[in-house]
1. What is segment 1-92 by shape, rounded, prolate or oblate, if you read a ≥ b ≥ c off the alpha carbon gyration tensor as root eigenvalues and call it rounded for a/c under 1.5, prolate for a/b larger than b/c, and oblate otherwise?
2. Taking 31 Å as the cut-off for C-alpha to C-alpha distance, list the pairs among 99/222; 207/233; 174/202; 67/222 that go past it.
3. Compute the length gained on full extension between residue 73 and residue 35: take 0.36 nm times their separation in residues and subtract their Cα-Cα distance, giving the result in nm to one decimal.
4. With 31 Å as the limit, write out which pairs from 18/63; 18/137; 118/158 have Cα-Cα distances beyond it, or answer none.
5. Starting from the Cα gyration tensor of segment 62-164, take the square roots of the eigenvalues, sort them a ≥ b ≥ c, and report rounded, prolate or oblate (rounded when a/c is under 1.5, otherwise prolate if a/b is larger than b/c, else oblate).
6. Under a point spin-label approximation (7 Å from Cα along Cα-to-Cβ), what is the residue 25-residue 226 distance to one decimal in nm?
7. Give me Rg over Rh for segment 1-51, both radii from the alpha carbons and Rh done the Kirkwood way, two decimal places.
8. Mean Kyte-Doolittle hydropathy of -1.0 or higher plus an axial Cα length of 18 Å or more: which whole DSSP H helices in the chain meet both?
Amino acid sequence: YSFWLRSVQNCSHNTTVKYLSNFKKIVLICIKNGWLIRNPFVQFKMVKKEVNRDFLSWIEIQKISEKQFATERLNHVRDIFLFSCYTGLAYIDVKNLRKNQIATGIDGEQWIYTQRQKTDSPTRLPLLPKALQLIEKYQNHPQCQDGTHLLPVLSNQKMNSYLKEIADVCEINKPLTFHIARHTFATTITLANGVPIETVSKMLGHKSLKQTQHYAKILDTKISFDMKALREKLQ
């Protein structure tokens, strides 16, 4: 089955492992019910390879933010993408976001109160000033006036297609997709600025820190900042 997934179906290593893991769950149910005598997965190891996830640097974020595109649709897509960079919300969660999910938090600031569609886990997220500016920019947009949508989000396919155009215009040599915004929030926006990984995990709506560690790279700038603080303490 593993060989068939890799050869005939042309699956990558991690995709193959994912299919095998799901199949193993079914096999274990069969063993518990006595439908299988032995476990065929005994001595069969399944280890996922570490994947380097792309994210934007602060310079790249500024480059996209400051660029005035020739067409309004690219400016529109850029704004929605940047909103995700400043909130960490996945595409479907941005698309489903409604006006009544914005409320005043315990600190008197505006927060997002929503649930992740993928995991159905609650997400409480303080809004950064740049995210608030983008909400205000589109509050009178025809798609947003009835309150069912906070932002006028296009289909995921169109968003990703236009993001590739944006990357070309801004000379960013990365496969720019909407999901990169979520990685960017975890790394460049939060972790690199000293936000603890436990807080980042909560804002991303993750159920464990292990999930967050896939997104969150410890940047060289963060290592430099932490070691500088250590040097001062030791002196």
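Where a number appears in this text, it was derived from the coordinates with a stated rule and is not lab data. Because the structure is a prediction, the values reported are computed rather than measured. As a convention, Cβ positions derive from the backbone with ideal geometry for all residues, glycine included, and neighbour counts pool all protein chains shown.
1. Prolate.
2. 99/222; 207/233, as the Cα separations exceed 31 Å there.
3. Result: 8.0 nm gained on full extension.
4. Working: 18/63 37 Å; 18/137 41 Å; 118/158 21 Å.
Exceeds cut-off: 18/63; 18/137.
5. Values: a/c = 1.63, a/b = 1.45, b/c = 1.12.
Verdict is prolate for segment 62-164.
6. Going from the residue 25 label point to the residue 226 one covers 3.3 nm.
7. 1.03
8. 13-32, 72-87, 156-169, 220-234
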